[in-house]
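Okay, so here's the structure we're looking at.
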Amino acid sequence: MIELEGLSKRFGAKVAVDRLSFQVRPGVVTGFLGPNGAGKSTTMRMMLDLDNPTSGSVRIDGRHYRELAEPLKYIGALLDAKAMHGGRSAYNNLLCLAQANRIPASRVSEVLDIVGLTAVARKKSKGFSLGMGQRLGIASALLGDPEILMFDEPVNGLDPEGIHWIRNLMKQLAAEGRTIFVSSHLMSEMALTADHLIVIGQGRLLADTTMAAFIQENSRSYARVRSPQPERLRDLLHTAGFTPVEVAGGALEVDGASTERLGELAAEHGVVLHELSAQRASLEEAFMQMTAGSVEYHAHGTSDPGRSAPPGPRWGEGPPADTGPRWGAGGGSGTEGI
Amino acid sequence: MTTPHQQQGAPVASYSSPIPVRKAHLGDALASEWTKIRSVRSTIWTLSVMAVLIVGIGLLIAVALNSSEADIANEQVLFFGFFGVLLASVCVMTLGVLTVASEYGTGMIRTTLTACPSRSRVLTAKALVFFLVVFVSTLVLTLVVGALQVSILDTAKAPTNEEWFRSTFGVSFFLASLGLLSLAVGVLIRHSAGAITAMIGVVLLPMVVAMFLAVESLAKVQEALFDYSIPNQLGVLYTDAGVDSGPQGWEPVWIMTAVAAAALAGAYAVLNSRDV
């Protein structure tokens, strides 16, 4: 169990982490999500006592990280795959960590076996590919067989087989009753691995919810409809009480309407349709919407940050009025599923 | 916001590892640092170069003097080891800086401090291991080169026990302390090239500045800069015959130890308070 209490970090005038409070519970995979620069890595560094918080505290099983005599047996972390000395062999890189925590040397071979690096154990880690470096980092996290595991962007640089492997590894580790805390800036990745979700933006907590609840609250469903008679169709929809939004390609998007209802409506009034499809906004989109509006949706109030916005100007079509275009204003409003 | 998970109640039985938990202490950090220092090639290289410099140059001078007509009957023979050791100090400083700065350069420092959150313990272990490695290597090398010089230059008077002690143990302690100073500078600067440059400056600058201070009114400053420059202090350790100002006898060792201790104190303070 990791508990954050009002954790803040300021670098000069810039507030990187702003009064974060949440708990990471055992037995589940907790996803830690936020756009680049949201303060995820800074938060993780503070959890490991690498950076000193400006205020607030982090407790690991009720204790401060610095009070752990053999921290690797409580918490294993992968912060940065390249955080190893390249001139040292994989085995020796792990051995010196094991020794610092009185972990028997036999465990080094074990974890190298778990991550599949036994064959290159005596090779210098300098020559490792990004994926192999990532595996070595994961091996170091597993070294103490810890109850808590923290991974910062673990799938970065892995090939599909590696991504699959790490997803399963995390699920298996969680099933053993461990606490898994994994950061990502990819919602789609989190949707596949995480059970619980913590979203931050500009250092502030935006959501602390289960994955299932997040999906339910955020995946806006709507119908897409295209007609050679757009004016008639629009009037028709307005009359029926819908508020269609025109999108690129002359199509209309209608929130809260079933395709059955729209089809029948069009047939009734003799409007020709070229397209009628049910759409579901991707979680990625919901996530971007949430983080883009992070000023508005800060978690200290009681407002529900999970609600997706009404079909107003959608993400990518116009920058939100109250924030700078933080998350790639050019990001399309794709409806690719997750 | 409603958070259904909060009603999930009692957490899943948490994981407990079959690996026994034994309290780690300084000894474990020492073992860890020993593994680190012996498992990188730069250690082997710098120590090899150091051996070549100390033994090679010492031998060359001895052989050259032996074949020349120079009158060395009253010389302190062991002093001819000075030049090799002076050059070898560059290796020691490089190794001292790299012991810490390479961790910053590679990012290993984050892994190291994650594994051992007590930063004082990490620095103590690093300093101890490094000091012992340099001290023992230099002691062996100065003993070897001293013995060779004495046997080659057998026309000179035999060194006294005190001279032997200062030229081997004293010089090794001095050099290892200089290395500790570099290690501390490595912690403070965190950048290999910058820290090595700074240390070479520390060794060379006082002498160079002294050369340019040929002004009457600054004669005292010039003399002090020269007397307390590291090459001069190292020379004094070999022989202080005819030295009437500045450090004498064992004083260079105490001075260097004090400087290294002060720098290390700064390194502890900075390391403990700084973000990694």
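The values are calculated or read from the model by the stated rules, or taken from the named source; none is laboratory data. All values reported here derive from a predicted model rather than from experimental measurement. All Cβ positions, glycine included, derive from the backbone under ideal geometry; neighbour counts span all protein chains shown. For the accessible areas, the whole protein counts, side chains as well, though only heavy atoms, and no ligand, DNA or RNA atoms are used. Shrake-Rupley method; radii C 1.70, N 1.55, O 1.52, S 1.80 Å.
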The one condition A:G12 fails out of (1) open to solvent by 50 Å² or more (accessible area, probe 1.4 Å); (2) in contact with a helix residue (DSSP H, G or I) (Cβ under 8 Å, 6 or more places away or on another chain); (3) farther than 23 Å from A:S140 by Cα is (2)
Going through (1) open to solvent by less than 10 Å² (accessible area, probe 1.4 Å); (2) modelled with pLDDT of 95 or more one by one, B:A24 fails only at (2)
The residue from B:I255, B:I230 that alone is among the aliphatic types (A, V, I, L, M) and either under 23 Å from B:E103 (Cβ atoms) or within 13 Å of the chain's Cα centre (by Cα) (or both) is B:I230
Qualifying residue in the range A:177-187 (condition: in contact with a strand residue (DSSP E or B) (Cβ under 7 Å, 6 or more places away or on another chain) and facing chain B (nearest Cβ under 10 Å)) | yes
Listed by range, strands (runs of 3 or more DSSP E) wholly within the range A:149-245 having at least 2 residues that are farther than 30 Å from A:A16 by Cα are A:221-226
Selection from the range A:184-204 of residues under 15 Å from A:M44 (Cα atoms) and either out of contact with any helix residue (DSSP H, G or I) (no Cβ under 9 Å at 6 or more places or on another chain) or buried (at least 24 other Cβ atoms within 10 Å of the Cβ) (or both) yields A:I198, A:V199, A:I200, A:G201, A:G203, A:R204
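Give B:T142, B:T138, B:T114, B:T124 a once-over and let me know the one that is assigned to a helix (DSSP H, G or I), touching a strand residue (DSSP E or B) at 6+ places or on another chain (Cβ under 8 Å) and either within 8 Å of chain A (Cβ to nearest Cβ) or not aliphatic (A, V, I, L, M) (or both).
B:T114
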Inset, instruction - Considering every residue within the range A:269-280, establish whether at least one is surrounded by 14 or more Cβ atoms within 10 Å (Cβ to Cβ), in contact (Cβ under 8 Å) with a residue 12 or more places away in the chain and among the small types (G, A, S). - result: no
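Table: residues versus (1) surrounded by 14 or more Cβ atoms within 10 Å (Cβ to Cβ); (2) over 15 Å from B:E251 (Cα atoms).
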| residue | (1), (2) |
| --- | --- |
| B:V171 | yes, no |
| B:V185 | yes, yes |
| B:V215 | no, yes |
| B:A224 | yes, no |
| B:I230 | yes, no |
All-but-one check, A:T291 against (1) of a type outside the set (A, V, I, L, M); (2) open to solvent by less than 30 Å² (accessible area, probe 1.4 Å); (3) modelled with pLDDT of 90 or more, failing number (3)
Restricting the range A:124-143 to residues that are within 13 Å of chain B (Cβ to nearest Cβ) and more than 26 Å from the chain's Cα centre (by Cα), the one surrounded by the fewest Cβ atoms within 10 Å (Cβ to Cβ) turns out to be A:K126
Exactly one of B:L181, B:L148 is touching a residue at least 24 places away in the same chain (Cβ under 8 Å) and open to solvent by 30 Å² or more (accessible area, probe 1.4 Å), and that residue is B:L148
Looking across the range A:63-104 at residues that are without any contact (Cβ under 8 Å) to a residue 24 or more places away in the chain and more than 7 Å from chain B (Cβ to nearest Cβ), the single one that is farthest from the chain's Cα centre (by Cα) is A:P104
Note to self: Taking the criterion of being of a type in the set (A, V, I, L, M), in a helix (DSSP H, G or I) and away from every other protein chain (no Cβ under 14 Å), would at least one residue in the range B:69-84 satisfy it?
What the structure shows: yes
Within the range B:119-138, residues being open to solvent by 40 Å² or more (accessible area, probe 1.4 Å) and either in contact with a Lys or Arg (Cβ under 8 Å, 6 or more places away or on another chain) or more than 21 Å from B:G266 (Cβ to Cβ) (or both) number 2
All-but-one check, A:N36 against (1) open to solvent by 20 Å² or more (accessible area, probe 1.4 Å); (2) touching a Lys or Arg at 6+ places or on another chain (Cβ under 8 Å), failing number (2)
**OP:** Test B:T99 against the stated conditions and say whether it is within 14 Å of chain A (Cβ to nearest Cβ) and either crowded, with 19+ Cβ neighbours inside 10 Å or closer than 27 Å to A:Q99 by Cα (or both).
**Re:** yes
Matching residues in the range A:48-62 (of a type in the set (D, E, K, R) and in contact (Cβ under 8 Å) with a residue 60 or more places away in the chain) number 1
